[in-house]
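J.: I am attaching a structure below and will ask some questions about it afterwards.
The values are calculated or read from the model by the stated rules, or taken from the named source; none is laboratory data. Here the structure is a predicted model, which means the values were calculated and not measured. For neighbour counting, all protein chains shown are included, and Cβ atoms are generated from backbone atoms with ideal geometry for every residue, glycine included.
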Amino acid sequence: MLRRKRSKNGAAAAPVEDEIDRLSALPDDALRQVLDLLPANEVVRTSVLAQRWRHLWKSTTVLCVRSEDERSGHVKELREFVDHLLLLRGGAPLERYELWFFGFDDEDVPRVNLWFRHVVMCKVRILRLEILRAAGPNQNPLLELDDLPIVSQNLMTLKLYGPKPGFTTTT
């Protein structure tokens, strides 16, 4: 049975079904597909919705970590979030991982390299890194990836915007 809620001014609002939660009626696979469309920070926030959602975010196959702007986009601002995000997911497979931020210091380079290696171990198929910094006169504006070999049978697409590969490719 549909009932109408009254707005504050007394007018009838749109009909609302009595206590029916259509989102919870969806299977987990459908919910994961919805979560795959959201930025990583929003995906993690869904864990407080209900008991069923508590760990659902850990099995999403797409993670997009993006800084909002140049002020909040520094690696230092993302460090704790990304560390916990990857740690709590464990080695769950990834279809796509995107990391976008605007600033880093030389001390951040090992951390970003660690994230890069971790997602490769999670069998990521599409990996996109967009990492830039406003460099001073004696700074390299590019983040230099380590020169360790990347071995992956799963990685199909690697897009680097800003990072300077420290590795060589073989054909």
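One line per residue, one yes/no per condition, for (1) at pLDDT 60 or above; (2) loosely packed, with under 13 Cβ neighbours inside 10 Å; (3) of a type in the set (Lys, Arg):
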site: PRO137; (1), (2), (3): yes, yes, no
site: PRO149; (1), (2), (3): yes, yes, no
site: ASN154; (1), (2), (3): yes, no, no
site: LEU158; (1), (2), (3): yes, no, no
site: PRO163; (1), (2), (3): yes, no, no
site: PHE167; (1), (2), (3): no, yes, no
site: THR171; (1), (2), (3): no, yes, no
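J.: Sticking with this one: Among residues belonging to the stretch 52-84 that are small (Gly, Ala, Ser) and out of contact with any Leu (no Cβ under 7 Å at 6 or more places or on another chain), point out the one that is modelled with the lowest pLDDT. Working first, answer last.
T.: Going through the stretch 52-84, the residues small (Gly, Ala, Ser) turn out to be 59, 67, 72-73.
Filter once more, keeping what is out of contact with any Leu (no Cβ under 7 Å at 6 or more places or on another chain): 59, 72-73.
Numbers: SER59: 93, SER72: 49, GLY73: 52.
Among those residues, the one meeting the criterion is SER72.
J.: Are there any pairs with C-beta distances below 6 angstrom linking a residue in the stretch 53-79 that is within 18 Å of GLY103 (Cβ to Cβ) to a residue that is β-branched (Val, Ile, Thr) and at pLDDT below 95, with the two at least 6 apart or on different chains, and if so which?
T.: Partner pairs satisfying both residue conditions: VAL65/VAL82.
J.: Suppose we keep only residues that are in contact with a strand residue (DSSP E or B) (Cβ under 9 Å, 6 or more places away or on another chain) and among the basic types (Lys, Arg) within the stretch 1-31. Which one would you say is modelled with the highest pLDDT?
T.: Residues of the stretch 1-31 that are in contact with a strand residue (DSSP E or B) (Cβ under 9 Å, 6 or more places away or on another chain), as a first pass: 1-7, 12-18.
Add one more test, that the residue is among the basic types (Lys, Arg), and what stays is 3-6.
Working: ARG3: 53, ARG4: 53, LYS5: 56, ARG6: 59.
The qualifying residue modelled with the highest pLDDT is ARG6.
J.: What number of residues within the stretch 111-136 satisfy the criterion of being free of Cβ contacts under 8 Å to residues at least 12 places away in the same chain and closer than 21 Å to PRO149 by Cα? Even if it seems obvious, please write down each step before you answer.
T.: Initial filter on the stretch 111-136 (free of Cβ contacts under 8 Å to residues at least 12 places away in the same chain): 114, 135-136.
Narrowing further to those that are closer than 21 Å to PRO149 by Cα: 114.
Qualifying residue count for the region: 1.
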